[in-house]
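The values are calculated or read from the model by the stated rules, or taken from the named source; none is laboratory data. Note that this is a predicted model, so its numbers are computed, not measured. Every residue, glycine among them, receives a Cβ derived from its backbone with ideal geometry; neighbour counts consider all protein chains shown. These area figures cover heavy atoms from the full protein model, side chains too; ligands, DNA and RNA do not enter into them. Shrake-Rupley method; radii C 1.70, N 1.55, O 1.52, S 1.80 Å.
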Amino acid sequence: MDIRRRNNVTVTGDPQGPVVVLAHGFGCDQNMWRLTVPALAEKHRVVLFDYVGAGRSDLSAFREDRYASLDGYARDVVEICAELDLRGAVFVGHSVSAMIGVLAAGMAPERIGALVMVAPSPRYIDADGYRGGFSERDIDELLASLESNYLGWSAAMAPVIMGNPERPELGEELRNSFCATDPDMARVFARTTFLSDSRDDLKSVQVPTLVLECTQDAIAPREVGAFVHRAVAGSELVTLEATGHCPQLSAPEATNEAILAFLAGLR
């Protein structure tokens, strides 16, 4: 299997610098990091990729049984790291990719030496003593809408996820990203994402970890950031002055500053 082609792996930046792997969230692709890459590339080797079904990945590699759980995506991450012979890389995961990074770090601890979780959520559905931001009925309705009319769902949800209604171009970009994702594969990834529960996995994290949350996020409210911070021993929590679920686009300067400060502290 050509792993680089499967996941449309691209590498940029300083070839001798510390390695940073940037992983996009549901419905997105590596282009979502375009405002972060220049800030990192000067002193770091930056690895980007698309999950199978997204961006310019190899759609023929999609297997529903593999990608019906976050483990399948985490295995892809481990295989990418092995293909590039990465060791001690910093994995920056946006949204659901934060939890994929946790799983990948557990599978191959020699490959991933630190985690940056951007707007993470280990569980989207509320539970006793836990606020994920959605009721079970909310998620059932969200998935039913997505599965019955993916394009309509994309148009309705993108502005909600992105926030920043005064900047409609951001919501439009996210909508276009959703619409560019294969609908059948997006349905599988959506169920995998919104029905996942990775809370127990957080307890196993043993690498330096930065948790980035936004002041207002319809998908991952601040209670979630606090939960992740408490669950990951020794983690650092930074609250960005940002609105929405994609601060790397809506507040790139603050996001980049926080990531760079964390990276500097690892040296």
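The set of residues in the range 172-208 being surrounded by 19 or more Cβ atoms within 10 Å (Cβ to Cβ) and part of a loop (DSSP other than H, G, I, E, B) consists of Thr181, Ser196, Ser198, Val205, Val207. Residues in the range 227-267 that are aliphatic (A, V, I, L, M) and not in a helix (DSSP H, G or I) were compared, and the one that is farthest from Asp126 (Cα to Cα) is Ala251.
Selection of first residues in the range 221-240 that are under 9 Å from Val211 (Cα atoms) and of second residues that are of a type in the set (Phe, Trp, Tyr), restricted to Cβ pairs under 8 Å at least 6 apart or on distinct chains, gives the following pairs, ordered by first then second residue: Glu236/Phe262. Within the range 96-146, the set of residues being more than 12 Å from Asp197 (Cβ to Cβ) and of a type in the set (S, T, N, Q) comprises Ser97, Ser135, Ser145. Would a scan of the range 113-136 turn up a residue that is more than 18 Å from the chain's Cα centre (by Cα), modelled with pLDDT of 90 or more and surrounded by 20 or more Cβ atoms within 10 Å (Cβ to Cβ)? Checked against the condition, which is being more than 18 Å from the chain's Cα centre (by Cα), modelled with pLDDT of 90 or more and surrounded by 20 or more Cβ atoms within 10 Å (Cβ to Cβ), the range 113-136 yields at least one hit. Only residues in the range 121-142 that are closer than 16 Å to Gly225 by Cβ count as the first member; pair them with residues that are part of a helix (DSSP H, G or I) and open to solvent by 30 Å² or more (accessible area, probe 1.4 Å), Cβ under 7 angstrom, at least 6 apart or cross-chain, and list the lot. Going by the 7 Å Cβ cut-off, the qualifying pairs are Tyr130/Phe227; Arg131/Glu223. Taking the range 209-225 as the range and being over 22 Å from Leu263 (Cα atoms) and either within 16 Å of the chain's Cα centre (by Cα) or open to solvent by less than 20 Å² (accessible area, probe 1.4 Å) (or both) as the test, the residues that pass are Asp217, Ala218, Ile219, Ala220, Pro221, Val224. Counting only strands (runs of 3 or more DSSP E) that sit completely within the range 5-52, those holding 3 or more residues that are within 13 Å of the chain's Cα centre (by Cα) correspond to 19-23. Going by the conditions given, is Pro159 touching a residue at least 60 places away in the same chain (Cβ under 8 Å) and either on the phi < 0 side of the Ramachandran plot or aromatic (Phe, Trp, Tyr) (or both)? In short, no.
Conditions (1) out of contact with any strand residue (DSSP E or B) (no Cβ under 6 Å at 6 or more places or on another chain); (2) open to solvent by 40 Å² or more (accessible area, probe 1.4 Å); (3) in contact (Cβ under 8 Å) with a residue 24 or more places away in the chain; (4) of a type outside the set (D, E, K, R), marked per residue:
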site: Asn7; (1), (2), (3), (4): yes, no, yes, yes
site: Gln16; (1), (2), (3), (4): yes, yes, yes, yes
site: Gln30; (1), (2), (3), (4): no, no, yes, yes
site: Pro38; (1), (2), (3), (4): yes, yes, no, yes
site: Val47; (1), (2), (3), (4): no, no, yes, yes
site: Asp50; (1), (2), (3), (4): yes, no, yes, no
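From the list Arg75, Arg63, the lone residue that is over 17 Å from Ala218 (Cα atoms) and surrounded by 15 or more Cβ atoms within 10 Å (Cβ to Cβ) is Arg75.
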